[in-house]
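Visitor: Dropping a structure here in structure tokens format, bear with me for questions.
The values are calculated or read from the model by the stated rules, or taken from the named source; none is laboratory data. If you're wondering where the values come from, they're calculated on a predicted model, not measured in any experiment. Counting neighbours? That spans all protein chains shown, and the Cβs are built from the backbone with ideal geometry, glycine included. To get the accessible areas, we keep the full protein, side chains included, count just its heavy atoms, and leave off ligands, DNA and RNA. Shrake-Rupley method; radii C 1.70, N 1.55, O 1.52, S 1.80 Å.
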Amino acid sequence: MVLRPATHADVEPIAELRAVVMRADLERLGRYDGQRVRQRLRDAFDPDCTWVLLVSGAFAGCVAFRPAEDGHWVEHFYLAPAHQNRGLGAAALRTLLDRADRLGLTVRLNVLQGSPARRLYERHGFRVERQDPVDVFMVRPSGPSD
């Protein structure tokens with residue numbers, strides 16, 4: 001796996017991946033709208049804090065690590081279905097969390113209610129901060145998670 005900085009040219013492949021990856025969870029929650037899912041990514045896309053995951057040189061996913069007043073946020077973390085459950089997500093997340101620990105950063109994220117990704121985040125030290133009917137907001141203070 002290689003993480004490379006995103007460019008503006010990555011927005012459409014990432015928007016398409018988002019629509020594929022989030023579809024099942026959003027349908028389960030009665031909130032899937034393919035056009036809206038893609039447009040929300042386009043509207044929020046910031047290549048300056050987004051990384052593209054490559055496997056054997058091919059696009060496999062992405063993750064954003066955005067600074068904010070209350071800590072850094074992990075956002076737009078999507079892996080192509082063919083690359084899920086193979087440790088790629090854990091490796092990418094570990095890379096971001098190692099950086100956060102070196103810098104003393106609190107890390108936050110939100111995950112859809114019922115998403116299996118929540119287990120990945122919990123294994124890496126994230127705990128529920130609050131939740132609503134759609135999202136679970138999680139936080140991981142700076143420091144080792146293992």
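Visitor: May I ask you to verify whether ALA91 is open to solvent by 30 Å² or more (accessible area, probe 1.4 Å), in contact (Cβ under 8 Å) with a residue 40 or more places away in the chain and of a type in the set (A, V, I, L, M, F, W, C)?
Guide: Numbers: open to solvent by 30 Å² or more (accessible area, probe 1.4 Å): yes; in contact (Cβ under 8 Å) with a residue 40 or more places away in the chain: yes; of a type in the set (A, V, I, L, M, F, W, C): yes.
When the stated conditions are applied, ALA91 passes them.
Visitor: Might you let me know whether the range 116-131 holds any residue that is under 15 Å from ARG66 (Cα atoms) and not polar (S, T, N, Q)? Steps first, answer last, please.
Guide: Narrowing the range 116-131 to residues under 15 Å from ARG66 (Cα atoms): none.
No, there is no match, as no residue in the range 116-131 is under 15 Å from ARG66 (Cα atoms) and not polar (S, T, N, Q).
Visitor: Another question, if that's okay. Return only the number of the condition from (1) outside any helix (DSSP H, G or I); (2) open to solvent by less than 70 Å² (accessible area, probe 1.4 Å) that LEU41 does not satisfy.
Guide: Result: LEU41 fails condition (1) only.
Visitor: Quick check: is even one residue across the range 31-49 touching a Pro at 6+ places or on another chain (Cβ under 9 Å) and within 19 Å of TYR121 (Cα to Cα)?
Guide: We begin by selecting, within the range 31-49, every residue touching a Pro at 6+ places or on another chain (Cβ under 9 Å); these are 47-49.
Filter again for within 19 Å of TYR121 (Cα to Cα), leaving none.
No, the range 31-49 contains no residue that is touching a Pro at 6+ places or on another chain (Cβ under 9 Å) and within 19 Å of TYR121 (Cα to Cα).
Visitor: State whether the residues of the range 70-78 include one that is under 22 Å from PHE137 (Cβ atoms), surrounded by fewer than 13 Cβ atoms within 10 Å (Cβ to Cβ) and at pLDDT below 95.
Guide: Just the residues of the range 70-78 that are under 22 Å from PHE137 (Cβ atoms), to begin with: 70-78.
Those left that are additionally surrounded by fewer than 13 Cβ atoms within 10 Å (Cβ to Cβ): 70.
From what is left, the residues that are at pLDDT below 95 are 70.
Yes, because at least one residue in the range 70-78 is under 22 Å from PHE137 (Cβ atoms), surrounded by fewer than 13 Cβ atoms within 10 Å (Cβ to Cβ) and at pLDDT below 95.
Visitor: Within the range 103-115, how many residues turn out to be under 18 Å from ARG66 (Cβ atoms) and open to solvent by less than 40 Å² (accessible area, probe 1.4 Å)? It would help to see each step written out before you state the result.
Guide: Initial filter on the range 103-115 (under 18 Å from ARG66 (Cβ atoms)): 103-111.
Add one more test, that the residue is open to solvent by less than 40 Å² (accessible area, probe 1.4 Å), and what stays is 105, 107-109, 111.
Going through the range 103-115 one residue at a time, the tally reaches 5.
Visitor: Which of the residues belonging to the range 1-52 are among the aromatic types (Phe, Trp, Tyr), over 21 Å from TRP73 (Cβ atoms) and within 16 Å of the chain's Cα centre (by Cα)? Outline the logic, then answer.
Guide: Residues of the range 1-52 among the aromatic types (Phe, Trp, Tyr): 32, 45, 51.
Retained after the next criterion (residues that are over 21 Å from TRP73 (Cβ atoms)): 32.
Result: no residue meets the conditions.
Visitor: Ok, one more. Quick one: GLY30 ticks every box in (1) at pLDDT 95 or above; (2) open to solvent by 40 Å² or more (accessible area, probe 1.4 Å) except a single one, so which number is it?
Guide: So the condition that GLY30 fails would be (1).
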